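See below for the structure under consideration.
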Amino acid sequence: MKHLNINTSIYENEITYNNGRSFPVFSGSTSFDFHSTSTINTDTLNQYQVDVKNNYYCICLDWLEFICQWDEPIELAFINNNNPDIIVEKISVHRNPNFRNLHRVYFNGVEVCEIYSATNNGTHAFNEVSVKVANALLYTDSYHTIIRDLLAKFDLTFHRMARIDIALDGNDVLKMLALLTKYVKSYTIQTSNDAIQILPIAFRKKDLSFLGWSIGKGKSGISARVYNKSEEIEKTKKTYITDYWSNNGITTENIGRFEIQLTFTRLKKYNFDFASMEKLPDAVFLASLFTNEVKPWLKFYRVRKKDYLNHKKEVAIKKGKEISYIKWDELPVKTELLEFSDFISVRDRTNARNTISFLLKDIHRNPTCTTTAQVEVIQMYMNNYDLKEYVTRKIDYLFCSNVENQYNMTLKNLVLKE
């Protein structure tokens, strides 16, 4: 295709602005190539900066679990760990029936993953472990690098993907709650796949409404949940998700979530390897995976009641109309992840509060044995996790009037020190 180059220049304020554009020679074409180059000063450019528009949806990875293999027992790797930035904590109780042991791994004081080891049945080989990446870490921009370094540190080799959850968030998703309620109560909403089981997962008596729905069964390799994510965050305090929404143009207060769960049964056809995980933060890749799995799997149709009652279901659906419950052309093409150094998970904040509480109680029981190190640790957690108000309340509760006596100097320095 031939192109016509058009060059323009404007002389303004003793500065020349040059632009070059390329268009097709013939008129009426809609498939033209376009490129532009420009020289413009920063002040003029800033006059034309526009705010990021509000997006219909944002998409994210909400669960990542994969299977690795070891050459020497993973417990030995934990024991031989000499990296002070990596802390391994053994958890005595967990809910995974396939493994006996669970270790939680922290990097620079932040939880990054859980590693299940010592297979409990024939589901896994004796040298296999399951690595589940921390939920908060999935919303940051560096989790792939951190996990790669941890696997190298513990001599683990990626074997296969176990589970991926992809979440589509947006106010528009809440419309699905009404659609699914109507599906259960009415003949006029039908699905083409009778094998898909749709059940409510929560009910609110106050307004007699269902709060969420489960779709499908995990054993099939694909299942989904639809619920109000904003209400859940009020309970779980996962504020990093609301930060993620703000970064990606989701500004409304009431947000729903359509979340699909893909297990190995469904994922094995993609031949995932560890290098493939680098693509998971990419919005285009996630949206493509989400579309390929959901669109052919879950279809709703609006049918007439008389057609459903007087004909076979297939005939009623053929006469009906497919419902577009997701605006597929509005799926995001870009995501802005959080900085790893900026987020604090709920578990991290809780651990910080527990540590502060333990140290303050120890100071209260043994005031004469109080050390500078105890005060410095409390100070560090208080500043890093913005817990000054919590520390003040805790001191008032534990020490009461004694603050002005034997604990005066210690506590005064602790609270007032900046």
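What the table below lists for this structure:
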| quantity | calculated |
| --- | --- |
| Failed item in (1) surrounded by fewer than 15 Cβ atoms within 10 Å (Cβ to Cβ); (2) in a helix (DSSP H, G or I), with Leu180 passing the rest | (1) |
| Residue match in the stretch 193-204 (condition: at pLDDT 90 or above, part of a helix (DSSP H, G or I) and surrounded by 13 or more Cβ atoms within 10 Å (Cβ to Cβ)) | no |
| Val333 being of a type in the set (Val, Ile, Thr) and within 19 Å of the chain's Cα centre (by Cα) | yes |
| Residue check for Leu331: buried (at least 19 other Cβ atoms within 10 Å of the Cβ), touching a residue at least 12 places away in the same chain (Cβ under 8 Å), in contact with a Ser or Thr (Cβ under 8 Å, 6 or more places away or on another chain) and over 30 Å from Ile395 (Cα atoms) | yes |
| Test: Glu65 is within 29 Å of Ile233 (Cβ to Cβ), in a strand (DSSP E or B) and at pLDDT below 90 | no |
| Among (1) within 23 Å of the chain's Cα centre (by Cα); (2) among the basic types (Lys, Arg); (3) part of a helix (DSSP H, G or I), the one test that Arg225 misses | (3) |
| Selection from the stretch 116-141 of residues that are surrounded by fewer than 19 Cβ atoms within 10 Å (Cβ to Cβ), in contact with a strand residue (DSSP E or B) (Cβ under 8 Å, 6 or more places away or on another chain) and polar (S, T, N, Q) | Thr119, Asn120, Asn127 |
| Given (1) without any contact (Cβ under 8 Å) to a residue 40 or more places away in the chain; (2) surrounded by 16 or more Cβ atoms within 10 Å (Cβ to Cβ); (3) of a type outside the set (S, T, N, Q), index of the condition Lys319 fails | (2) |
| Test: residue in the stretch 104-115 that is farther than 30 Å from Glu336 by Cβ and surrounded by 21 or more Cβ atoms within 10 Å (Cβ to Cβ) | no |
| Matching residues, the stretch 102-147, being at pLDDT 95 or above and among the basic types (Lys, Arg) | Lys132 |
| Residue in the stretch 150-171 that is touching a Lys or Arg at 6+ places or on another chain (Cβ under 7 Å) and either in a loop (DSSP other than H, G, I, E, B) or at pLDDT below 95 (or both) present | no |
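Conditions (1) under 27 Å from the mean Cα position of the chain (by Cα); (2) assigned to a loop (DSSP other than H, G, I, E, B), marked per residue:
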residue	(1), (2)
Leu76	no, no
Ile87	yes, no
Val93	yes, yes
Pro97	yes, yes
Tyr116	yes, no
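The values are calculated or read from the model by the stated rules, or taken from the named source; none is laboratory data. Everything numeric in this text was worked out from a predicted model, so none of it was measured. Note that each Cβ is placed from the backbone with ideal geometry, even for glycine, and that neighbours are counted across all protein chains shown.
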